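To start, the structure under review is shown below, and the notes come after it.
The values are calculated or read from the model by the stated rules, or taken from the named source; none is laboratory data. Quick caveat, the model's predicted, so the values are computed rather than measured. Note: ideal-geometry Cβ built from the backbone for every residue, glycine included; neighbour counts use all protein chains shown.
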Amino acid sequence: MKTFTVVLTGNPNCGKTTLFNALTGLRARVGNYAGVTVERKEGALTGADALHPVTILDLPGTYSLSPQSPDEQIARDILFQRVADVPAPDLVVIVADASNLQRNLYFATQVIELGHPTLLVLNMIDVARDQGHEIDTEALSKALGVPVIPMVASEGEGLDVLRQTLRGQAKTPGTRHVIPREFNELPEGFGREAQAIETALEGHFPHRSRLAAAEALLLLSDERALSPDGGTGGPRYPETLIQQVQSARQRLEAAGVDWRSAAIEARYARLFAIEQHVTRETAPPGELLSDRIDRVVTHRVWGLLVFVAVMALMFQSIFWLAKYPMDGIEAAVDALAQWVGSSMPPGDLNDLITRGAIAGVGSVVIFLPQICLLFLFIGLLEDTGYMSRAAFLMDRLMSRVGLHGKSFIPMLSSFACAIPGIMATRTIETRQDRLATILVAPLMSCSARLPVYTVLIAACIPQRNGWPGLTLLMMYLLGIAGALGMAWIFKKTLLRGEPPMLILELPPYKRPMLGAVLRQMWDRSKLFLRRAGTVILGINILLWFLATYPRSSEVEEQFSQRRAQWKQSVSNPPTPAETETGLQLDHEEAGEKLRQSFAGRLGRAIEPTLKPLGFDWKIGIGIVTSFAAREVFVSTLSVVYNVGGDGENTASLAEVMKSERRADGRAMYTPLTGITLMVFYVFAMQCVSTVAVVRRETNSWKWPIFQTVYMTSLAWILAFLTYQIGTRLGF
Amino acid sequence: MRPLSTMTPGERAVVARIDIPPEQRGRLMEMGLLPGTPVELVRFAPLGDPVEIKLRNYHLSLRKLEAEKIFVR
């Protein structure tokens, strides 16, 4: 039994996703296309005949068949049947926004020309009607040569007709309509050249001859169509064909025809005529609600206030709302570890499972609430149309460092966690801009740095005159300055390219579809958990190993002797003071074991590199173990200073740190040490999850490795400068 | 003929010439901004850049840098 494959395509903001959700009932499978980080969404048509199942593939929103982003490239390649694991479409459903007819038909007619069996869904006819445009769908169908189904997808209007059509087509697939219909009146010379290339293409690729006319047109007019495209398996055109296309372009140029724009202008001229023919103006367009909203939201004063308010609300909720589930998860992970720990015989395996695996997975899951909330807000901002306004408002600021308005949200998101921030860079079209944003996003102080800052501020900074709050603010500002500065440097050097041209559509506002937004939030979070989770689990087990081995029998003997002494001397029941001594013994043993372990030795081994920063080997152990996740620094210090490993009693840890002395008797944790260490943590990568996500998003190890190296070097250099200058100044 | 960037909010005009280099203006033209297309300048962003225009019944935002190279009549 063969599955009938329907491909759903159309411009961004045409209501395609709403339609997809309505057809598949939110039960879509979401993944990535092989080798690229483009979201692949497919689902089964609900209510389809069991004997004739229908699969619907939702392509990324696309403006044209000459792609400008990986998203658009995948869409084009699927329509051209160049993606190996996607079957040829049995039916292409184009979704077009009726209120924005010409531009939507630009892409639609490009797709119709490909010659697949095609159907046009004319969505948002209610919006068009409100604006005074009545569209004659029958006349449009005649003009385009494909069936046209009018629809209001958000209200479910027209959905049944589409459903029935899809079911019918699946049962008796219509004959391929091979009308080589073209929506161009090309300048004569251009048409002739295109024809010649078409013939040549048919000769080279006989199995794709149906697409030849459309392909010839693209080859002739799209500069980049000739180069084999990265990753997606586009065809390598034979050298003779490339020569042919290039000489055709030269001939056209000599004849005064702009080969880049001739086809575009010809198509829009046709579309203008078609629109005139099928549309009846019923009323002069008044001011739309969306325009009225925009007068406030993009207003010189109100617009910025609204923006600041939206961002503040978003971040406050991420910090405060996420706090409760995070506490819950922490408690649950601890309880699980305790339960497993007590129901298994003690030993290395027990320790590996509780402290390596469970604690390791826990350290990822703990961020899930923040990630979910952030994705929820991003989804809402995207779905309502505010996201593009945010880019519109912030573009000026971001362009100062060579970035795009679209980089703003990913960078802002990174205050909560760099992972969703980096995943949010997918909306940035230019590769250089996207990479620059990914490279600097982890410099924004994320929530995992907060525990580190908190404990260092408590231990090192005078607790008066608002110094603690001011220090915290300074660290956040330092992160922002670092991110912007590095973005500027990268855009000037490594990722230099054309200054990005901003071509940003500002779609009308609409009510968000909450179900779909929630679903999308969950899909994206799941993707993070699955992919990042496995890497982090591995690294955590490795770190557990480093912190546990080698075991020293000397230490174990010493402590079992001391414990035996304590047991003999203890009264029954033990007094509180005696229980305290017992616990202290445990803490001392844990500390001693850590100092003897590989991690401890590593801490000592890197001490020479840390000395110029004013750090000792104990801090070194913290830096080594917190490579997986910054907040581990706090729990490691607790173990190193024999306070007990749960990291929750920041206050007691800070007390112990305050009394810590250097060899020469000076206090270890002076304000200068604290600030130096914080500066280090502002810039150092110290987060395996981020490395894993960058690896996935850039599809190579090159960038995550480069990022880790540059961030760690930057952290060391700035910490060095801080400490040395601070010391010279007498702090 | 004058640059689009000199228009005032609410003003309408027709695109006459696009002086952006051919290899960069492809997408702009595919979005329907072509010589002969009527445009309305809607507003400038609060920080002065970019600019929002309306064409073919939808809203598009461009930087001033580009708007200075698009000439209208």
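Side notes on the structure shown:
- Residues located in segment A:330-366, provided they are free of Cβ contacts under 8 Å to residues at least 60 places away in the same chain and under 19 Å from A:Cys446 (Cα atoms): A:Glu330, A:Gly362, A:Ile366
- Total residues in segment A:67-99 satisfying the condition of being in contact with a Lys or Arg (Cβ under 7 Å, 6 or more places away or on another chain) and at pLDDT 90 or above: the figure is 1.
- One residue stands out in segment A:292-317 among those that are more than 19 Å from A:Thr384 (Cα to Cα) and not polar (S, T, N, Q): the one that is nearest to the other protein chains (Cβ to nearest Cβ), namely A:Arg300.
- The requirement of being surrounded by 22 or more Cβ atoms within 10 Å (Cβ to Cβ) and not acidic (Asp, Glu) is satisfied by A:Leu374.
- Pair list, Cβ < 8 Å and 6+ apart or interchain, from segment A:287-300 residues that are assigned to a helix (DSSP H, G or I) to residues that are among the small types (Gly, Ala, Ser): A:Ser290/A:Gly385; A:Val296/A:Gly303; A:Val297/A:Gly303
- B:His59 meets all of the listed conditions (1) over 20 Å from A:Asp291 (Cα atoms); (2) in contact with a strand residue (DSSP E or B) (Cβ under 8 Å, 6 or more places away or on another chain) but one, namely (1).
- Unmet criterion (only one of (1) buried (at least 22 other Cβ atoms within 10 Å of the Cβ); (2) touching a strand residue (DSSP E or B) at 6+ places or on another chain (Cβ under 6 Å)) for B:Ala16: (1)
- Among the residues listed as A:Phe731, A:Phe680, A:Phe720, the single one being more than 25 Å from the chain's Cα centre (by Cα) and within 23 Å of A:Asn540 (Cβ to Cβ): A:Phe680
- Residue count for segment A:261-291 satisfying the condition of being closer than 30 Å to A:Asp395 by Cα and more than 10 Å from chain B (Cβ to nearest Cβ): 4.
- Of all residues in segment B:11-30, those that are farther than 11 Å from B:Ile70 by Cα have Cβ atoms under 7 Å from Cβ atoms of residues that are outside any strand (DSSP E or B) and of a type in the set (Phe, Trp, Tyr), 6 or more apart or on another chain, in B:Glu30/A:Tyr63; B:Glu30/A:Tyr106.
- Within segment A:254-284, the set of residues being within 11 Å of A:Phe190 (Cβ to Cβ) and outside any loop (DSSP other than H, G, I, E, B) comprises A:Ala262, A:Ala263, A:Glu265, A:Ala266.
- Odd one out for A:Leu26, checked against (1) part of a helix (DSSP H, G or I); (2) within 24 Å of the chain's Cα centre (by Cα); (3) not charged (D, E, K, R): (1)
- Verdict on A:Arg426 being within 14 Å of chain B (Cβ to nearest Cβ) and either closer than 24 Å to A:Thr493 by Cα or not in a helix (DSSP H, G or I) (or both): no
- Residue count, segment A:393-407 (criterion: over 13 Å from the mean Cα position of the chain (by Cα), closer than 17 Å to A:Thr427 by Cα and within 12 Å of chain B (Cβ to nearest Cβ)): 7
- As a summary of the residue check, A:Pro704 satisfies the conditions (1) under 30 Å from A:Gly31 (Cβ atoms); (2) touching a helix residue (DSSP H, G or I) at 6+ places or on another chain (Cβ under 9 Å); (3) in contact (Cβ under 8 Å) with a residue 24 or more places away in the chain except for the one numbered (3).
- Qualifying residues in segment A:500-514 (those that are out of contact with any strand residue (DSSP E or B) (no Cβ under 7 Å at 6 or more places or on another chain) and buried (at least 16 other Cβ atoms within 10 Å of the Cβ)) - the one farthest from the other protein chains (Cβ to nearest Cβ): A:Met513
- Checking each residue in segment B:43-66 for being crowded, with 21+ Cβ neighbours inside 10 Å and aliphatic (A, V, I, L, M) picks out B:Ala45, B:Val51, B:Ile53, B:Leu60, B:Leu62.
- Meets criteria (modelled with pLDDT under 90 and touching a Gly at 6+ places or on another chain (Cβ under 7 Å)) for A:Val535: no
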